[in-house]
Amino acid sequence: MTTVCCPGSFDPVTLGHLDIIKRAAAQFDHVVVLVTVNKSKKAMFTPEERMNLIRECVHELPNVTVDHWEGLLVDYTTTHDITAMVKGLRSGLDYEYEKPMAQANSKLTGVETFFLLTTPAYGYISSSIAKEVALLGGDVTGMLPDNVIAALERKRGEL
Ligand code: PNS
């Protein structure tokens, strides 16, 4: 059985992320969506909130599970028998950002990174843009799943 992981901050999960997760789930036996902590970013949602939002979105995908990790990705992949990661590429900028990480991870443990090209309709979406639009009262239909839109509306009400 081949288990892969889709790592990311997912703060919050977008329709672009979900597209990559679903496409990975169609290719591999088991996909772990791994919520990580990116210390260079200030998160809006706690890891638990991010995991729950993702779980609500993937509950119909039997081979997708959700987990959380705060250490090195390769330590997670090694200890969970994961031989590859799957990530989405929206643009050349993403490629330049991802390439050294994929190469470093490969050097560390030999773990592979597979890249899926983002579906064009989702190519402009990022968690950061969607959060900014939503928190300023803009329409994020087509960027975020409904449960995430509702969660951002609640956060907006708390500000
Ligand atoms: O969604 P993001 O914030 O762009 O993805 C962040 C990710 C998963 C790339 C990053 O948080 C990460 O790799 N975290 C784990 C720490 C780690 O292993 N760093 C070394 C990478 S070579």
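Being more than 11 Å from the ligand (Cβ to nearest atom), touching a residue at least 24 places away in the same chain (Cβ under 8 Å) and touching a Cys at 6+ places or on another chain (Cβ under 9 Å) holds for only one residue in VAL13, VAL32, VAL58, and it is VAL32. Based on this model, can you work out whether ASP67 counts as acidic (Asp, Glu), under 16 Å from the mean Cα position of the chain (by Cα) and assigned to a strand (DSSP E or B)? For ASP67, the condition - acidic (Asp, Glu), under 16 Å from the mean Cα position of the chain (by Cα) and assigned to a strand (DSSP E or B) - is met. In the range 98-123, which residues are surrounded by 13 or more Cβ atoms within 10 Å (Cβ to Cβ) and outside any helix (DSSP H, G or I)? The answer is VAL111, GLU112, THR113, PHE114, PHE115, LEU116, LEU117, THR118, THR119, GLY123. For THR141, the conditions (1) within 22 Å of ALA25 (Cβ to Cβ); (2) out of contact with any Lys or Arg (no Cβ under 9 Å at 6 or more places or on another chain) are fulfilled apart from (1). State which residue is most open to solvent (accessible area, probe 1.4 Å) when the search covers only the range 135-149 and only residues that are under 23 Å from ASP94 (Cα atoms) and either free of Cβ contacts under 8 Å to residues at least 60 places away in the same chain or over 16 Å from the mean Cα position of the chain (by Cα) (or both). By that ranking, first place goes to GLY142.
Looking at the range 78-98, is at least one residue under 22 Å from ALA150 (Cα atoms) and touching a Lys or Arg at 6+ places or on another chain (Cβ under 9 Å)? No.
Can you confirm whether ALA102 is free of Cβ contacts under 8 Å to residues at least 24 places away in the same chain and among the hydrophobic types (A, V, I, L, M, F, W, C)? If you could, list the steps in order and put the result at the bottom.
Numbers: free of Cβ contacts under 8 Å to residues at least 24 places away in the same chain: yes; among the hydrophobic types (A, V, I, L, M, F, W, C): yes.
Considered against the rule, which asks whether it is free of Cβ contacts under 8 Å to residues at least 24 places away in the same chain and among the hydrophobic types (A, V, I, L, M, F, W, C), ALA102 comes out as yes.
The values are calculated or read from the model by the stated rules, or taken from the named source; none is laboratory data. Predicted, not measured: the structure shown is a model, and the values here were computed from it. Methodologically, a virtual Cβ is constructed for each residue, glycine included, from the backbone with ideal geometry; neighbour enumeration extends over all protein chains shown. Note: areas computed on protein heavy atoms with side chains; ligands, DNA, RNA excluded. Shrake-Rupley method; radii C 1.70, N 1.55, O 1.52, S 1.80 Å.
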